[in-house]
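Scroll down for the structure; my scribbles are underneath it.
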Amino acid sequence: MGHERVGALPHSKRWRDVVAQLGASSGSQQEVAELATATLGNVRVQFRKLHTDDGVVAAFQFLLALAKSASSGSLPADSFAPSIDLDERPTTLKLVSELRSWVDDQNGSREYADLAAKASADAISIWSTQQKVQPTLFDSDIDSKDIWRRADSGAGFCEVSRLFFAKFTERYLNYFLEREASAAMASVVERDQLASRLRDHIDDVSRFAFETSRITQSFAAGWFNSHARDRVPSKDESEGFLFIAFGKMREELMREVPKP
């Protein structure tokens, strides 16, 4: 289920072109290729082991809990999921606060947990905003239950999970891109210039990550319908999902490695 190849995904801009436009190197084709490859390589190494981290699993499980709480109310006491009261019509900020507390209570890498929590927070904010006619972060009159009930299906949850993978990937790409480029720069001035260029082109990196994350969508929809239609998946089931989904992301990023 969901393991088939869908062919090369369309990108508005290839990764090598994104890196070249940043002007982070002296401009030679070789330097651009090396920087692009090093960044992807670092991200792919991280993606190999993320599914085993309790904080990452917890951040993903929070999104599942939001969807199931909207339709089912209280969740089973033995499920690996937080208790979320959507009848209180919590704001986006309130949900993000509950997410952080839930993830912080788990064991695992602080680095991974922080990135995963931020990616889930992004997914919560973007999904909520998309569902509102007139979005506002502090509006408690919007029915949170209705917003997250729309995520309680294969079609809805695959969009939420895509946001999670896109934002996780975006954060890692920016982190490793800046780290690899900064290591090759001799002066603080050059590093400051790089930071400025990264800010200027953050939309390009974000768009690339979002386009890459499309590879997870059909698998996420099928997995949700098989494992989460009428219940909250177990921790092991979510780990299994993340293992395959991050693997798909790794494969897609590998396709972006510049050819020699």
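The values are calculated or read from the model by the stated rules, or taken from the named source; none is laboratory data. In this text, all values refer to a predicted model and were calculated from it rather than measured experimentally. All Cβ positions, glycine included, derive from the backbone under ideal geometry; neighbour counts span all protein chains shown.
Tally the residues that are surrounded by fewer than 19 Cβ atoms within 10 Å (Cβ to Cβ), in a loop (DSSP other than H, G, I, E, B) and modelled with pLDDT under 80, restricting the search to segment 14-44. So the answer is 4. If you check Asp192 against the conditions, is it more than 30 Å from Ala20 (Cα to Cα), surrounded by fewer than 22 Cβ atoms within 10 Å (Cβ to Cβ) and at pLDDT below 80? No; evaluated as a whole, the condition is false for this residue. Could you say whether any residue in segment 80-92 is assigned to a helix (DSSP H, G or I), modelled with pLDDT of 90 or more and buried (at least 16 other Cβ atoms within 10 Å of the Cβ)? Yes, segment 80-92 contains a residue that is assigned to a helix (DSSP H, G or I), modelled with pLDDT of 90 or more and buried (at least 16 other Cβ atoms within 10 Å of the Cβ). Of the candidates Gly222, Gly156, the single residue that is surrounded by fewer than 17 Cβ atoms within 10 Å (Cβ to Cβ) and modelled with pLDDT of 90 or more is Gly222. Being in contact (Cβ under 8 Å) with a residue 12 or more places away in the chain and under 17 Å from the mean Cα position of the chain (by Cα) holds for only one residue in Leu50, Leu86, and it is Leu50.
Among the residues here, Phe47 does not qualify as touching a Phe, Trp or Tyr at 6+ places or on another chain (Cβ under 7 Å) and either modelled with pLDDT under 70 or under 30 Å from Asp143 (Cα atoms) (or both).
Here segment 231-258 is the region considered, the condition is being touching a Lys or Arg at 6+ places or on another chain (Cβ under 9 Å) and charged (D, E, K, R), and the residue that is nearest to Phe168 (Cα to Cα) is Arg250.
Candidates Asp104, Asp114, Asp139, Asp146: the one that is surrounded by fewer than 18 Cβ atoms within 10 Å (Cβ to Cβ), modelled with pLDDT of 80 or more and more than 20 Å from the chain's Cα centre (by Cα) is Asp146. Looking at segment 115-134, which of its residues are free of Cβ contacts under 8 Å to residues at least 40 places away in the same chain and closer than 20 Å to Asp54 by Cα? If the condition is that a residue be free of Cβ contacts under 8 Å to residues at least 40 places away in the same chain and closer than 20 Å to Asp54 by Cα, then Ala121 is the only one that fits.
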